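This report concerns only the one structure given below.
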Amino acid sequence: MGRGRALFLYSEATGTGVVNRHIDEVKSRLSRCFDSLDVVLTSSMEDGVERAQKACGVYDALIFSGGDGTFNHIAASLIGRENAPTLGYINGGTVCDVGRNFGIHGSFRRALKIIEEGHSCGFDMGKINDDYFTYVAAIGAFADIPYVTPRKYKKRIGRIAYYFRAVGEAFAPKKIHTHIVADGVDYDVFTPFILCLNGKNVGGFPINLGSSSIHDGKFELFLTKPGIFNGLLHYLLFKMRTVKIIASDFKIEVEYPLPWDLDGEKGPMGNVHIQAMDSGLRIFCAKK
């Protein structure tokens, strides 16, 4: 039996193109999940966002494919809107860290299976000044890799394109002086880069392990101590050399206005105010 009306959005301008190569299979399986399915090839990110907003109150489910940035744009555009449809995400990006929050990883077929099973959950998003992010806000060394790496390389060799770029940044020492107020507690530190996470993975690597939740009103802020490779090994191997701060409200001041990375895309510059907030949205996800 179907589950109401669904809209499926996909694009040739985002992601790795896996979904497009298997579009007939995707449409066939989705059409069996819902009473009716409308399929739209969007012309741009702006087109996709506009169609997502117009789906509120019209469709019961909004399915879309793309990378982490696509997820962020669409989810952020629906915050505060009445009768927002349940989201269905088919991971089609280079690394797809955001999908792992919901058990969506591996092939597009796993994502379809999760939609078919119909289990859903709510999730938090971060508000950073006037912008939003779903799973990560980062600044400092390595933060610009997702949006400065040319798409043609990401499409050709996948996440390896990121790792080549990371090698160059690992040997360019960087240290940021930052003042942080987290839920009213002050911290003053020097660090190569900062990660504010509402998830477990960054760049395909497990960073935020343990009891973190995507829907508890709190984020984890990671500050690594300076070291070789700009402290990168501290996240991957020597986690005792990182500071982990759990809070719902962060005011972060940095000594010079570097850009923030928001879910793989360039965000605001310099000082920010980050708040964990309930998105009010639901998404098809794997049962835990």
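A short reminder: the numbers here are calculations on the coordinates, not readings from a lab. Nothing here was measured: the structure is a model prediction, and the numbers come from that model. Neighbour counts are summed over all protein chains in view; Cβ atoms, including those assigned to glycine, are modelled from backbone coordinates with ideal geometry.
Note down the nm distance, to one decimal, between modelled labels 7 Å out along Cα→Cβ at His179 and at Ser28.
6.2 nm
Among His22, Ala55, Ala75, pick out the residue whose Cα is farthest towards the positive end of the charge dipole of segment 1-126, where Lys and Arg carry +1 and Asp and Glu carry -1 on C-beta, about the Cα centre.
Positive-end residue among those listed: His22.
What pairs from Lys113/Lys244; Lys54/Lys266; Lys174/Lys251 go past 32 Å between their alpha carbons?
Lys113/Lys244
State whether segment 7-113 is rounded, prolate or oblate according to the following rule on the C-alpha gyration tensor (a ≥ b ≥ c being the square roots of its eigenvalues): a/c under 1.5 gives rounded; otherwise a/b larger than b/c gives prolate, and the remaining case gives oblate.
It comes out rounded by the Cα gyration axes.
Name the aspartates and glutamates eligible as straight-distance cross-link partners of Lys175: C-alpha to C-alpha under 18 Å, and not fewer than 8 places from it in the same chain.
Leaving aside aspartates and glutamates fewer than 8 places away in the same chain, those within reach of Lys175 are Asp144, Asp188, Glu253, Glu255, Asp261.
What's the ranking of 264-277, 99-112 by average number of surrounding C-beta atoms within 10 Å, highest first?
My ranking of the peptides, most packed first, is 99-112, 264-277.
Would you kindly state how much longer the chain becomes between Lys287 and Val189 on full extension, computed as 0.36 nm times their sequence separation minus their alpha carbon distance, in nm to one decimal?
Extra length from Lys287 to Val189 when fully extended: 31.4 nm.
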